[in-house]
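Here is the structure we will look at.
All of the numbers you see were taken from the coordinates with simple rules; none came from a lab. Nothing here was measured: the structure is a model prediction, and the numbers come from that model. Heads up, the Cβs are rebuilt from the backbone with ideal geometry, glycines too, and the neighbour counts pull from every protein chain shown.
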Amino acid sequence: MFVNKIGYHHIEDGSNNQDYGFLIQDKKSKLVCDGCSEGKNSEVGAKLFSYALSSMELSTDDILIVLNNLEEAFKRVSDVFFTVKKDMNFILKAARDYLCFTILFVKECENYFRVLNCGDGYIILQDKSGEISFLELNDGEYPKYYIYNFLAEDAVKHYKSGVYFEYKSFRKDDYLNVGIASDGIRFIVNSDDEALKEEFIKILKSGKESAMKRFINRNQKLFNDDVTISF
Amino acid sequence: MSNYDETVEIDGLDEMETINTAIDDLDTESITLIFTGLDRSGSMQTYTMEMAQALNEFKDALTNSKEAEEILIARADFSNSINIGGYKKIADYDTSYSAAGGTALYDVIVEGAAKLKEYMEFLKKEGMRVKAVFAIFTDGEDNGSYSSLSSARDSIRDLNSLEITTAFISFGGVADTISKKIGFKNLLPVASSATELRNAFNCLSKSVIEASKSVVSTQDDFFSI
């Protein structure tokens with residue numbers, strides 16, 4: 001299931017859906033990118049990165065190659081802006097407006113689901129009995145954006161020494177499926193309405209994209225933030 | 001007194017879903033509903049074979065379009081009485097045709113509009129994004145309806161206000177004036193010939209496909225493709 005829906009807040013203020021990603025079945029790869037809402041058009045970077053990564057060789061199980069692909073895809077995207085004009089103010093503006101987005105990636109390997117993330121979001125876990133749980137990726141700190149690795153120390157307020165991908169692996173002996181979602185699902189995951197939460201989980205289990213889209217449409221005001229699910 | 005319960009219930013399905021298409025059978029969040037009201041009055045007898053052929057080609061055109069999965073279509077026949085079917089996938093569209101009797105035009109408009117709005121409301125509550133086209137094909141003015149011209153006009157005014165595309169194909173020119181009186185926003189007048197009949201349904205299929213592609217309702221230029 002791959003679902004990418006605009007949040008109610010963005011519908012109201014007329015701005016774009018700043019999330020993007022993909023689910024490529026034959027490469028067993030899932031991606032979610034969540035653009036920073038303070039970035040004017042962070043969806044541009046999120047979409048370019050998704051496109052760049054999807055065109056790379058993703059069939060490998062080698063985690064170092066996967067990491068290298070993520071880095072290379074990001075470099076290609078940032079070059080789109082950084083090679084236009086070698087002016088620090090322009091570069092910083094481009095970074096702020098287009099290139100601040102989180103990256104969550106899942107690679108299904110022979111024995112493991114490998115999850116790499118730079119920035120917050122959720123891991124969706126489905127165990128062998130089919131039950132679904134959510135693992136929040138949020139350490140309470142300022143969001144980590146990979147673009148910080150491409151900027152000079154004195155140009156950034158946070159993570160001056162750069163950021164890195166965090167890594168988790170989940171054994172296929174223990175899990176049927178592992179996916180990722182942007183933090184837009186926090187409103188349903190943390191909802192007091194248990195019946196509604198159960199309905200959401202039931203649709204996740206079904207794998208039906210259209211049913212999930214209709215669920216979000218019916219409960220648009222609950223989903224205040226953009227939602228992307230790759231599961 | 002009836003000896004049987006006339007209400008058929010299927011477990012887990014709303015009645016709306018037994019008459020039309022169940023929500024779980026739809027693999028999309030966006031749908032375009034097409035209402036086709038077809039004149040089966042006696043004056044259409046000359047064109048029985050051509051109508052069946054035109055309807056077949058109309059169905060084929062929709063089936064072969066990229067938007068096929070996002071279209072549901074209802075067939076409504078009117079002559080002395082009316083028979084309005086549910087909104088089904090294109091593959092289930094009946095293309096058979098025969099003609100005899102009067103022209104209960106106002107009845108099919110009033111009843112058809114009510115059923116369209118009802119199903120639209122149901123789909124929207126389920127989270128579907130819905131557009132609709134309400135199309136009538138006729139070669140003549142009303143005779144035999146229980147409903148009045150003003151009821152038909154109210155129904156069409158209501159559909160227009162809901163941004164549903166209202167389209168009228170007038171075969172042979174007699175019904176041109178009535179379409180304006182009722183308030184259809186789009187009129188396609190065609191001469192009464194076999195060729196023009198086929199062209200009319202060809203135009204209708206292209207217009208329906210364009211309408212289902214566009215994000216917003218194409219209320220005023222439906223036949224301009």
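Helix content alone sets the calculated 222 nm mean residue ellipticity of chain B: runs of n ≥ 4 DSSP H residues at -39500 (n - 2.57) each, divided across all residues, give -11500 deg cm²/dmol. Applying a 4.7 Å Cβ-Cβ cutoff to the protein assembly as shown, the cysteines left without a disulfide-compatible partner are A:C33, A:C109, A:C118, B:C203. For B:K213, a cut-off of 18 angstrom between C-alpha atoms picks up these lysines, skipping any fewer than 8 places away in its own chain: B:K59, B:K66, B:K89, B:K131.
Out of every Cα-Cα pair in the stretch B:34-150, what percent are more than 18 Å apart? Walk me through the numbers on the way to the answer.
On the way: 3562 of 6786 pairs.
Value for the stretch B:34-150: 52 percent of Cα pairs lie more than 18 Å apart.
What's the angle, to the nearest 10 degrees (0 to 90), between helix A:209-218's Cα axis and the longest principal axis of chain A? Once rounded, the angle reads 90 degrees. Shape summary of the stretch A:94-231, radius of gyration then Dmax from alpha carbon positions: 16.6, 50 Å. Loop-located GluC sites (Glu not before Pro) in the stretch A:1-85 (DSSP state not H, G, I, E or B) with no more than 15 neighbouring Cβ atoms inside 10 Å: A:E38, A:E57.
To the nearest 20 debye, what is the magnitude of the charge dipole of the stretch A:1-117 about its Cα centre, counting +1 on the Cβ of each Lys and Arg and -1 on the Cβ of each Asp and Glu?
Values: 14 positive and 17 negative charges, 50 e Å.
It works out to roughly 240 debye.
A Gaussian network model of chain B, with springs between Cα atoms under 10 Å, assigns the largest mean-square fluctuation among B:V108, B:V190, B:V133 to B:V190.
At a Förster radius of 56 Å, what calculated FRET efficiency corresponds to the Cβ-Cβ distance of B:T46 and A:K160, to the nearest 0.05? Between B:T46 and A:K160 the formula returns 0.10. Pairs with C-alpha atoms separated by more than 21 Å, drawn from the list A:K30/A:K93; A:K28/A:K221; A:K107/A:K205; B:K88/B:K206; A:K93/A:K160, are A:K30/A:K93; A:K28/A:K221. Between helix A:42-54 and chain A there is an angle of about 80 degrees, using the helix long axis and the longest principal axis of the Cα atoms. Hydrophobic, long helices, defined as DSSP H runs whose alpha-carbon span along the helix axis is 24 Å or greater and whose mean Kyte-Doolittle value is at least -1.0, occur in chain B at B:105-125, B:194-213.
Treating only the Cβ of Lys, Arg, Asp and Glu as charged (+1, +1, -1, -1), what charge dipole size does the stretch B:89-160 show about its Cα centre? Round to the nearest 20 debye. Write out the running numbers ahead of the final one.
Working: 9 positive and 12 negative charges, 96 e Å.
Here the size comes out at about 460 debye.
Return one number: the angle in degrees, 0 to 90 and rounded to the nearest 10, between the long axis of the Cα atoms of helix A:88-98 and the longest principal axis of the Cα atoms of chain A. Once rounded, one gets 10 degrees.
Give me A:D19, A:D120 sorted ascending by neighbouring Cβ count inside 10 Å, so fewest comes first.
Working: A:D19 32, A:D120 20.
Exposure proxy ranking, most exposed first: A:D120, A:D19.
As a ratio to 2.2 N^0.38 Å, the alpha-carbon radius of gyration for the protein assembly as shown is 1.23.
Work out the length of the dipole vector of the stretch A:63-207 about its Cα centre, built from +1 on the beta-carbon of each Lys and Arg and -1 on the beta-carbon of each Asp and Glu, and round it to the nearest 20 debye. Before the final figure, lay out each step's value.
Details: 19 positive and 24 negative charges, 126 e Å.
Here the stretch A:63-207 has a charge dipole of around 600 debye.
The antiparallel fraction among DSSP beta bridges confined to the protein assembly as shown stands at about 65%. Which longest run of chain A has no exposed loop site in it, a site being trypsin sites (Lys or Arg not before Pro) in a DSSP loop with at most 14 other beta carbons within 10 Å, and the site itself not part of the run? For trypsin sites (Lys or Arg not before Pro) (loop position, at most 14 other Cβ atoms within 10 Å), the longest site-free span of chain A is A:1-84. For the stretch A:185-231 and the stretch B:68-84, compute the distance between their C-alpha centroids and round to whole Å. Each part's Cα centre sits 35 Å from the other's. Put simply, the Cα atoms of the stretch B:85-215 extend 43, 32, 25 Å along their principal axes, the longest span coming first.
Positive end of the dipole of the stretch A:36-190 (Cβ unit charges, origin at the Cα centre): among A:V163, A:L99, A:S133, the Cα lying farthest that way belongs to A:L99. Under 18 Å from the Cα of A:K208, which aspartates and glutamates turn up, not counting those fewer than eight places away in the same chain? Of all the aspartates and glutamates, those that pass the test against A:K208 - Cα under 18 Å, at least 8 places apart if same chain - are A:E131, A:E198, A:E199, B:D24, B:D25, B:D27, B:E29, B:E69, B:E70, B:E126.
Projected over all directions and averaged, the alpha-carbon convex hull of chain A occupies 12.7 nm².
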